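Read the structure below first, then the notes.
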Amino acid sequence: MSSKVAFLGEQNLAPYANTWTTFTPSAFAVCPTDDTLVGIATDSTPFMKLLIVRLLIPKRVIAGDGGEVQERAGEEVGGKEGEKRRVQERQHHAVRIHCSTLAPQTSYSTPAISWRPDGTGVWVNGDDGVIRGFEACSGKHVASLVGHEGGSKVRCLASAIIPSKNNLDTESETTKGEQKKEEKEEWLVSGGFDRRLIIWKP
């Protein structure tokens, strides 16, 4: 039994780079609130790089600040060279964040990335046992979670919204006809080479 897979296109994450060895994308995660955004952790050394990129595939029109991206107005350049420049410009503006995480890595590291459930930020792992949090809108480092043994690699991350403990308890008293408001909490789970599985409540 054979099946065909359609090729939708390709997107350069560093359209103006002079070398293909700038970085290698190693872990991807789609934003839970916007499926046109993807977070990318790279295997660059000595520190992981973080990219947040607007997907152009399937073909989308994108712009520089906020919404869907528009091609820049300006001097029209014709022919193949002009089209190449327009494609490079769209790909360049699709990269919303490109920053260093200061999460140490070696050529043997396994990058991991997880979005916050509300899409406001991402978590990345590190070889030093620290989990780092970054704002999705700015790339600003906003949190460092220290719980795994120092120098022990954090290997996996998962983030989710779950019912709070209050909801898991027996039914509380409520007035007749009143519905109990469901409380939820954000949890982050991390696993490391120190054989620890840690549950965080960011």
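The values are calculated or read from the model by the stated rules, or taken from the named source; none is laboratory data. Quantities reported herein were computed from a predicted structural model and do not represent experimental measurements. No Cβ is skipped: glycine too gets one built from the backbone with ideal geometry, and neighbour counts run over all protein chains shown.
Could you list all residues from the range 168-202 that are modelled with pLDDT of 65 or more, surrounded by 11 or more Cβ atoms within 10 Å (Cβ to Cβ), outside any strand (DSSP E or B) and of a type in the set (D, E, K, R)?
Those that are modelled with pLDDT of 65 or more, surrounded by 11 or more Cβ atoms within 10 Å (Cβ to Cβ), outside any strand (DSSP E or B) and of a type in the set (D, E, K, R): 194, 196.
Report those strands (runs of 3 or more DSSP E) wholly inside the range 81-149 carrying at least 2 residues which are at pLDDT below 95. Please lay out each step first, then the result.
On the way: elements: 95-104, 113-115, 121-124, 130-135, 141-146.
Per the criteria, 95-104.
Of the residues that make up the range 37-60, is at least one in a loop (DSSP other than H, G, I, E, B), within 24 Å of residue 112 (Cα to Cα), touching a helix residue (DSSP H, G or I) at 6+ places or on another chain (Cβ under 6 Å) and modelled with pLDDT of 85 or more?
Yes, some residue in the range 37-60 is in a loop (DSSP other than H, G, I, E, B), within 24 Å of residue 112 (Cα to Cα), touching a helix residue (DSSP H, G or I) at 6+ places or on another chain (Cβ under 6 Å) and modelled with pLDDT of 85 or more.
Residue check, residue 6 against (1) of a type in the set (Gly, Ala, Ser); (2) surrounded by 12 or more Cβ atoms within 10 Å (Cβ to Cβ); (3) at pLDDT 80 or above, all met but one. Which one?
(2)
Residue by residue through the range 136-167, note down the ones that are on the phi > 0 side of the Ramachandran plot and surrounded by 13 or more Cβ atoms within 10 Å (Cβ to Cβ).
139 - this is the single residue of the range 136-167 that is on the phi > 0 side of the Ramachandran plot and surrounded by 13 or more Cβ atoms within 10 Å (Cβ to Cβ).
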